[in-house]
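Input: a single structure, listed below in C-alpha cells.
The values are calculated or read from the model by the stated rules, or taken from the named source; none is laboratory data. Since the model is a prediction, treat every value here as computed from it, not as a measurement. With ideal geometry, Cβ positions are generated from the backbone for all residues, glycine too; neighbour counts draw on all protein chains shown.
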Amino acid sequence: MGEFNSQSYDQVVNVLEANPQISQIVLTANAGSLDDETTFRLARYIRNHKLNTHLLDQSLIASGAVDLFLSGMERTIERGARIGVHSWSDGIRQASDFPTDHADHKMNAEYVETMLGSDEFYWFTIRAASADSIYWMTEDEVRRYHLVTRAFLPPSGNRTPFDEEFFEQRVLILESVD
C-alpha cells in the first residue's frame with residue numbers, strides 16, 4: 001500500500017527473503033512511484049523470482065504501481081479493481097510530445113515489452129491521459145493489453161491487513177485524480 005519510493009526495493013526484498021513461502025504480491029492502494037528506477041528494479045526482482053501479482057476487488061493502482069503489477073509471472077485481477085494510467089512528463093513536456101523514436105521513451109517502452117512481450121501498452125498509457133490526470137482502464141482494455149494472464153476473478157471480499165488506512169489511502173488516490 002502507498003507510493004513506491006527509493007526505499008521500496010529494500011523493504012520488499014527483505015520481507016520476501018525472510019518469507020520464502022510468499023508466491024504472490026497483492027497490491028492494494030498504490031498511487032504510483034516516486035522513483036521509477038527503483039520500481040523497475042523491484043519489478044525485475046519480482047519477475048526473476050517468478051512471483052505473481054494480484055489485485056483484490058477493492059484494489060486501486062495507478063501510474064508506477066501498474067508498472068509493478070506487470071512484473072508478476074501470473075497477473076490476476078478480481079472484478080472491481082481499478083487500474084489507472086497516464087502519460088509521464090519531464091516537468092515541461094508530456095511523453096506524447098516526444099517523437100516515438102526519442103530516447104526518452106526507451107526505458108519505459110523496453111520495460112513494458114520485457115514484461116508483456118510488446119510495448120503496445122506503453123503507447124496506450126501515454127495517449128490515455130495527461131501526466132496530471134488518470135485514465136481508469138476498462139476490463140476490455142486490461143485484456144487487450146494483456147495485463148491479466150487469466151480471466152477476471154469474481155470479487156473475493158478479502159480484506160487487506162491495512163483496514164481503515166487502506167480505505168483512507170484509496171479515497172486520497174481517487175480524490176487526487178477525479
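Details
- Residue within region 38-56 that is among the small types (Gly, Ala, Ser), under 11 Å from the mean Cα position of the chain (by Cα) and part of a strand (DSSP E or B) present: no
- Output for region 57-99, where each listed residue is under 19 Å from Val112 (Cα atoms) and in a helix (DSSP H, G or I): Gly64, Ala65, Val66, Asp67, Leu68, Phe69, Ala95, Ser96
Each row is one residue, and each column tells you yes or no for (1) within 25 Å of Arg41 (Cα to Cα); (2) touching a strand residue (DSSP E or B) at 6+ places or on another chain (Cβ under 9 Å); (3) among the hydrophobic types (A, V, I, L, M, F, W, C).
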residue	(1), (2), (3)
Gly84	yes, yes, no
Trp88	yes, yes, yes
Gly91	yes, no, no
Gln94	yes, no, no
Asp104	yes, no, no
Thr125	yes, yes, no
Ala131	yes, yes, yes
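- Residue match in region 48-67 (condition: at pLDDT 95 or above, among the polar types (S, T, N, Q) and touching a Lys or Arg at 6+ places or on another chain (Cβ under 8 Å)): yes
- Of all residues making up region 4-40, the number that are of a type in the set (D, E, K, R) and either in contact with a His (Cβ under 6 Å, 6 or more places away or on another chain) or within 12 Å of Gly64 (Cα to Cα) (or both): 3
- Among residues of region 1-19, those that are among the acidic types (Asp, Glu) and not in a loop (DSSP other than H, G, I, E, B), counted: 2
- Of the residues Ser89, Ser33, the single one that is closer than 17 Å to Tyr122 by Cα and under 11 Å from the mean Cα position of the chain (by Cα) is Ser33.
- Filter result for Gly32 (closer than 24 Å to Ala129 by Cβ and modelled with pLDDT under 90): yes
- Region 90-103 - residue that is modelled with pLDDT of 90 or more and touching a Ser or Thr at 6+ places or on another chain (Cβ under 8 Å) and, of those, surrounded by the most Cβ atoms within 10 Å (Cβ to Cβ): Ala95
- Subset of region 63-87 (residues that are crowded, with 20+ Cβ neighbours inside 10 Å, under 21 Å from Asn158 (Cβ atoms) and of a type in the set (Ser, Thr, Tyr)): none
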